[in-house]
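K.L.:
After the structure tokens below, expect a handful of questions from me.
The values are calculated or read from the model by the stated rules, or taken from the named source; none is laboratory data. These numbers were taken from a predicted model, which means no experiment stands behind them. When we count neighbours, we look across all protein chains shown, and the Cβ atoms used for this are built from the backbone with ideal geometry, even at glycine. The accessibility values were calculated without ligands, DNA or RNA, using every heavy atom of the protein model including side chains. Shrake-Rupley method; radii C 1.70, N 1.55, O 1.52, S 1.80 Å.
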Amino acid sequence: MNAIGNNASRNKRWAWMWVSYIGFFYIQPIFEPSVRLWVLTIAASIVFLALYTAFLHANDCAHPVRFWIIAAFYVLGAACFPWNNGASTFFVYAAAFLPFTIASKRTVLSLFALESILIAVEGYLFRIPHGNHHFFFIAWPNTLIGIFLVLLIGGSNIFFAEQRSADSKLRMAHEEVEALAAVAERERIARDLHDVLGHTLSVIVLKAELAKRLIASDPARATAEITDVETIGRTALAEVREAIGGYRARGLTAELDAARGTLASAGVTLLTDAKPLDTSGLTAAEETVLALALREAVTNIVRHARAKTCRLRFVTEHGRRKLHVEDDGEHPLVREGNGLRGMRERVESIGGSLRVEREHGTRLLIEIPLRAGTV
């Protein structure tokens with residue numbers, strides 16, 4: 001149930017898996033069977049399924065209907081708790097949905113506290129059997145278990161909701177950077193093609209017209225002009241291929257520009273040396289590895305670090321190229337994930353090394369040896 005709100009917004013089919021928690025509501029009817037208890041349990045289950053379906057169809061987190069549905073989950077639990085201890089499941093559903101519906105953590109925590117207090121009050125009011133109605137039998141252990149589950153699962157979902165929000169912001173940042181990069185590259189290609197082909201095509205047209213006029217009077221000169229047209233055409237073709245190749249190639253410098261935009265979108269300031277990156281002497285494979293490493297580092301900072309600044313240095317010292325990426329945030333994930341593991345494997349495949357230091361932030365240090373003859 002920890003990912004219930006996340007799954008409900010992404011994939012309704014998978015969200016129905018979490019309905020299975022309603023099974024706890026049937027424990028008491030199974031072990032203490034009675035017709036009345038079964039009828040009430042089934043009726044409450046039908047109401048629950050109607051509320052759950054309505055919640056899944058209210059996809060917009062800001063939709064007011066979602067708030068009323070969450071309140072209805074709690075009311076359903078409060079109505080059923082006196083005669084079925086498994087009704088604490090409905091309290092848990094209400095708590096599980098709150099972090100994915102309300103953006104303010106303080107508000108969510110306040111509602112958790114309020115829900116816990118109300119559960120405790122209800123447990124107190126119904127702690128003694130009322131007459132001969134054996135349905136009223138809430139005991140303090142059941143009350144405390146309900147409160148514990150509300151705080152545990154609701155609190156856990158705060159983390160998942162924040163992670164989903166961070167992922168969403170990261171995707172939006174990447175999409176924005178990619179869109180801006182695409183626009184910039186299209187503009188560059190338009191400029192390059194204009195510069196490359198504008199004058200060249202004009203010359204080709206002039207020479208073709210001249211050759212056409214000279215065919216009858218001076219065939220030798222006409223042939224020379226046509227030869228020039230062929231040469232100019234081949235040169236223009238090569239220049240167009242270079243312009244398109246420049247669009248396709250994306251090196252460390254381009255990745256740095258993209259990183260600056262991504263970090264800025266996430267509210268992180270990128271600090272670099274004043275001078276441009278010196279990528280001379282890098283092979284295509286080395287520059288690709290460093291560019292991908294920078295991309296992964298920036299992704300981790302945006303997703304996990306909650307940093308304010310990021311410092312990047314790319315220097316040549318002691319016969320090695322060194323890429324340092326350092327942030328001042330907090331990385332709760334200390335285990336090496338697939339991204340960092342893949343980064344390490346790529347760096348080691350070109351004879352380099354990768355080291356991560358976690359002290360007052362996180363520092364990523366990548367070193368690759370200089371090739372022979374490289375200054």
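K.L.:
Stretch Val356-Lys275 to full length: gain in nm at 0.36 nm per residue minus the Cα-Cα span?
P.N.:
Working: separation 81, 0.36 × 81 = 29.16 nm, distance 2.55 nm.
Value of the extension gain: 26.6 nm.
K.L.:
I want to check the label-to-label distance for Ile42 and Ala285. Put each point 7 Å from Cα in the C-beta direction and report it in nm to one decimal.
P.N.:
In this crude spin-label approximation the distance works out to 7.0 nm.
K.L.:
Now for a separate question. Estimate the FRET efficiency between Lys322 and Phe148 by the formula 1/(1 + (r/R0)^6), using the beta-carbon distance for r and 41 Å for R0, to the nearest 0.05. Display every interim value, and only then the final one.
P.N.:
Numbers: r = 50 Å, r/R0 = 1.23.
That pair, Lys322 with Phe148, gives E of 0.20.
K.L.:
Here's another thing I want to ask about it. Given the whole protein assembly as supplied and a 1.4 Å probe, what does the accessible area of Met172 come to in Å², nearest 10?
P.N.:
For Met172, solvent-accessible area is about 120 Å².
K.L.:
Moving to a separate point now. Between Arg221 and Val19, what length in nm is gained on full extension when 0.36 nm per residue of separation is reduced by their alpha carbon distance? Numbers along the way, then the final one.
P.N.:
Details: separation 202, 0.36 × 202 = 72.72 nm, distance 8.62 nm.
Full extension of this stretch gives 64.1 nm more.
K.L.:
Would you please give the FRET efficiency between Val183 and Ala238, computed as 1/(1 + (r/R0)^6) with r the Cβ-Cβ distance and R0 = 25 Å, to the nearest 0.05?
P.N.:
Working: r = 27 Å, r/R0 = 1.06.
The calculated FRET efficiency here is 0.40.
K.L.:
Something else: Pop out the carbon and sulfur fraction of the accessible area of region 36-108 as a percent, whole number, probe 1.4 Å. Before the final figure, lay out the partial values.
P.N.:
On the way: 2170 of 2950 Å².
Carbon and sulfur together cover 74 percent of it.
K.L.:
Would you please put 346-352, 177-183, 153-159 in order of how densely packed they are, using the mean number of other Cβ atoms within 10 angstrom per residue and starting with the highest? The partial results should precede the final answer.
P.N.:
On the way: 346-352: 15.7, 177-183: 13.0, 153-159: 18.1.
Highest-to-lowest ranking by the protection proxy: 153-159, 346-352, 177-183.
K.L.:
Which value, in Å², gives the accessible area per residue of region 23-83 when a 1.4 Å probe is used on the protein heavy atoms? Each step should come with its number before you reach the end.
P.N.:
Working: 3200 Å² over 61 residues.
That works out to 52 Å² for each residue.
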